[in-house]
């Protein structure tokens, strides 16, 4: 599985669609002051956000606590090849902590939950990713951040099914595209909010790609992110763009809790920098 990491030295795949020279205007719904309506005055209160990743260090000052979580651990003797260990757990890499801290910086009053599915090498099996998404749906998460994805063709159908389950259950899946070219799942599915990195300092800046599958571009180039040891690093990757969008979705769903996943995507489209009214 992959999504983005701290050692990316080139521009992540899919990011080129959001370059100034290639970004096209897109027609949007005739909504007045959509960014103000969607985000202004919201803190994310009442919204549950799952970070499906390498774990989250709740003690990191930028994370500000974790409300709960679960670790999925490989076990070849178990029925499904892994066991579910509920409760507190560490971040094995720093990647999940980085994502959680970005979300917290945008939506300070969200409840963050950690579903650890990656190991110390920032890799894991597709079955664990599937289990983490399924857990987030069963726990009634409003938003699930997936700064990872699977290249395995065998996982296409199972991940598609659980992504649809999330969509119809009201859990918004925000998924980073892989940093390398080629299809990965679930970022290719229309039921998720797919994200790639673009430069800039504005945490709420957003652009829409007129030629998906990757639909949205958000801040993800040279970002100062939280990391292990209560420290920080400067990192680039689609992984760090996704939690910016997860934070925006949390603001939106806190302020307008009745929004369905497809309505959330429509509002994000309308709030994009390159959206113009027809």
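The values are calculated or read from the model by the stated rules, or taken from the named source; none is laboratory data. On a predicted model such as this, the values are computed, not experimentally measured, just so you know. Here Cβ is always computed from backbone atoms with ideal geometry, including for glycine, and neighbour counts include all displayed protein chains.
Overview of results
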quantity	calculated
Count of region 61-80 residues which are loosely packed, with under 12 Cβ neighbours inside 10 Å, closer than 24 Å to residue 112 by Cβ and without any contact (Cβ under 8 Å) to a residue 40 or more places away in the chain	0
Near pairs, Cβ below 6 angstrom, 6+ apart or cross-chain, from region 28-41 (closer than 10 Å to residue 204 by Cβ) to any residue that is assigned to a loop (DSSP other than H, G, I, E, B)	none
Residue 214, sole failed condition from (1) more than 16 Å from the chain's Cα centre (by Cα); (2) in contact (Cβ under 8 Å) with a residue 40 or more places away in the chain; (3) farther than 20 Å from residue 110 by Cα; (4) not in a strand (DSSP E or B)	(1)
The listed residue being at pLDDT 95 or above, under 15 Å from the mean Cα position of the chain (by Cα) and part of a strand (DSSP E or B), out of 194, 239	194
Condition met for residue 265 (under 14 Å from the mean Cα position of the chain (by Cα) and either more than 18 Å from residue 40 (Cβ to Cβ) or surrounded by fewer than 22 Cβ atoms within 10 Å (Cβ to Cβ) (or both))	yes
Given (1) touching a helix residue (DSSP H, G or I) at 6+ places or on another chain (Cβ under 8 Å); (2) closer than 29 Å to residue 208 by Cβ, index of the condition residue 157 fails	(1)
Subset of region 132-177 (residues that are part of a loop (DSSP other than H, G, I, E, B) and more than 15 Å from residue 48 (Cα to Cα))	147, 148, 151, 152, 177
Residue match in region 107-127 (condition: outside any loop (DSSP other than H, G, I, E, B), farther than 30 Å from residue 43 by Cβ and over 16 Å from the mean Cα position of the chain (by Cα))	yes
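Rundown of residues vs (1) surrounded by fewer than 24 Cβ atoms within 10 Å (Cβ to Cβ); (2) touching a residue at least 40 places away in the same chain (Cβ under 8 Å); (3) within 20 Å of residue 107 (Cβ to Cβ), yes/no style:
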residue	(1), (2), (3)
196	no, yes, no
230	yes, yes, no
239	no, yes, yes
270	yes, yes, yes
